Amino acid sequence: MSFNFELGILVLIALFAATVNGGMGYGFSSITVPMGLLFYTNRILNPALVLVEVVLNSYVLFVNRRSLPLAWKRVIPILLGLVLGVIAGSYILSSVNPGWLKFWTYAILLPLILLQAAGVRRPIHAERLIGVPFGAGVGVLYSLTTISGPPLALLFNNQGFVKEEFRAALGLVRVTESTLTAIAYYFLGLYTVDSSQLLFSIVPSVAVGVPLGAYLIRRINPETFRRICMSFDAWVVGFGSSRVLIDLELVTSSMAYSVLLAVALIDAYLLYLYFGRRQRVAAGILAQPRANLVFRRK
């Protein structure tokens with residue numbers, strides 16, 4: 001695999017994705033995979049990315065190790081479910097048609113990203129009860145796509161994990177799933193020369209992007225940073241969905257791009273709501289000192 005235009009684009013996307021991961025603690029695969037699938041199949045892309053993810057997730061867990069005692073008990077059921085899910089998903093990856101695998105990857109990712117962007121919160125009281133089936137589902141998704149950030153972030157935010165618990169729980173689950181998946185890929189013989197060359201091409205992007213993201217997150221509002229990253233992700237997945245519909249000849253090209261248009265309109269509306277809400281909050285904060293001043297004069 002020589003260095004070409006497609007690989008160059010993937011290297012740049014990996015740099016951006018690593019920057020996001022350095023800031024939020026997740027997001028590398030959920031940004032890299034949708035773009036990477038435009039040029040490579042899951043069977044080539046996944047083995048390269050999963051090895052990067054083992055290192056990235058270990059780093060996130062190490063940085064947040066002091067908060068691990070606050071979170072590890074809550075994620076045990078998810079970890080148990082991961083084992084079954086990773087085994088099933090890895091086997092499916094080795095046998096399913098690559099085109100249809102791309103289709104289902106985009107079909108699952110898109111609603112998860114938009115739900116997270118919309119800030120959906122529906123606390124689940126039976127948290128332990130849903131842990132194993134949720135973990136199994138995440139394990140299947142991760143081993144098929146190396147993506148699990150959107151559903152995990154959606155659940156942990158939904159269940160009220162505070163910042164320290166959130167990052168520690170996320171790090172523990174993702175270290176487990178990436179390590180299990182890397183082992184499963186080895187036994188299924190999914191590591192190839194093409195995957196190895198892809199891995200070595202994106203490693204420099206990760207080495208630069210992760211510390212850059214950690215630097216930027218201290219200077220940008222974390223929620224705004226996260227929201228902009230999800231917006232980019234939604235557009236990439238929308239474009240990828242349109243392309244795979246054309247490749248599978250499910251719809252005509254003009255109709256296929258209606259998916260991208262719909263995603264763009266929905267995301268634009270969600271961005272409008274988000275920044276409008278922030279503006280109202282900021283206006284309220286600015287108005288408080290003036291109100292206090294008037295009260296004191298009276």
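The values are calculated or read from the model by the stated rules, or taken from the named source; none is laboratory data. Since we're looking at a predicted model, the values are computed, not measured. Positions of Cβ are generated from backbone atoms using ideal geometry, with glycine treated the same way; all protein chains shown enter the neighbour counts. Note: areas computed on protein heavy atoms with side chains; ligands, DNA, RNA excluded. Shrake-Rupley method; radii C 1.70, N 1.55, O 1.52, S 1.80 Å.
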>> Looking only at the stretch 16-34, how many residues end up being modelled with pLDDT of 80 or more and either more than 16 Å from the chain's Cα centre (by Cα) or open to solvent by 20 Å² or more (accessible area, probe 1.4 Å) (or both)?
In response: 1
> Which of the residues belonging to the stretch 239-272 are open to solvent by less than 80 Å² (accessible area, probe 1.4 Å), free of Cβ contacts under 8 Å to residues at least 24 places away in the same chain, part of a helix (DSSP H, G or I) and of a type in the set (A, V, I, L, M)?
Replying inline: I246, A256, V259, A268
> Does the stretch 146-193 hold any residues that are within 17 Å of Y26 (Cβ to Cβ), of a type outside the set (S, T, N, Q) and assigned to a loop (DSSP other than H, G, I, E, B), and which are they?
Replying inline: I147, F161, V162
> What number of residues within the stretch 138-163 are crowded, with 21+ Cβ neighbours inside 10 Å and over 18 Å from the mean Cα position of the chain (by Cα)?
Replying inline: 0
> Got a sec? Which of L51, L68 is of a type outside the set (D, E), open to solvent by 10 Å² or more (accessible area, probe 1.4 Å) and at pLDDT 85 or above?
Replying inline: L51
> Which of the residues that make up the stretch 35-48 are without any contact (Cβ under 8 Å) to a residue 40 or more places away in the chain and open to solvent by 20 Å² or more (accessible area, probe 1.4 Å)?
Replying inline: F39
>> Any residue at all in the stretch 122-137 that's farther than 22 Å from F232 by Cβ, within 19 Å of the chain's Cα centre (by Cα), among the hydrophobic types (A, V, I, L, M, F, W, C) and open to solvent by 20 Å² or more (accessible area, probe 1.4 Å)?
In response: yes
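Per-residue answers, yes or no, for (1) of a type in the set (V, I, T); (2) open to solvent by 10 Å² or more (accessible area, probe 1.4 Å):
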site	(1), (2)
E165	no, yes
A168	no, no
F187	no, yes
L190	no, yes
S195	no, no
V203	yes, yes
>> Quick check on I228: is it closer than 21 Å to I31 by Cα, out of contact with any helix residue (DSSP H, G or I) (no Cβ under 6 Å at 6 or more places or on another chain), not hydroxyl-bearing (S, T, Y) and not in a helix (DSSP H, G or I)?
In response: no
